[in-house]
Amino acid sequence: MTNAHSGVAVLLQVGRVLVADSDVGDVYSPATGTWSATGPMVYPYPYASGAALLPNGQVLFAGGRKVKYCGQYSCDEPIADAELYTP
């Protein structure tokens with residue numbers, strides 16, 4: 001794994017696993033036992049985000065929230081966007 005993850009994981013049609021929750025994802029290949037980094041994501045998807053494998057093999061990432069700091073406290077800001085990952 002090229003990055004630590006605690007977010008969503010999606011089994012891709014090709015037998016690999018996509019894991020993402022930051023501004024980059026990783027793909028695990030059980031056949032070779034290796035991890036490889038994906039390209040950069042538009043948004044990090046760390047909290048309460050979702051991912052779904054679409055019939056065409058792409059993965060849709062959507063929703064969630066990002067933490068930002070409001071003075072001395074942190075507050076959440078929703079991510080009102082989505083993006084597609086193409087393996």
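Values quoted throughout were computed directly from the atomic coordinates according to the rules given, and no laboratory measurement underlies them. Just so it is clear, the structure is predicted and the values come from calculations on it, not from any experiment.
Using amide H atoms built in the peptide plane, which far-off residues or other-chain residues are under 5 Å from ILE79 H to H?
Placed amide hydrogens put GLY64, ARG65, LYS66 under 5 Å from ILE79.
Starting from 0.36 nm per residue, how many nanometres of slack lie between ASP81 and LYS68 once their C-alpha separation is accounted for?
Taking ASP81 through LYS68 to full extension adds about 3.0 nm, to one decimal.
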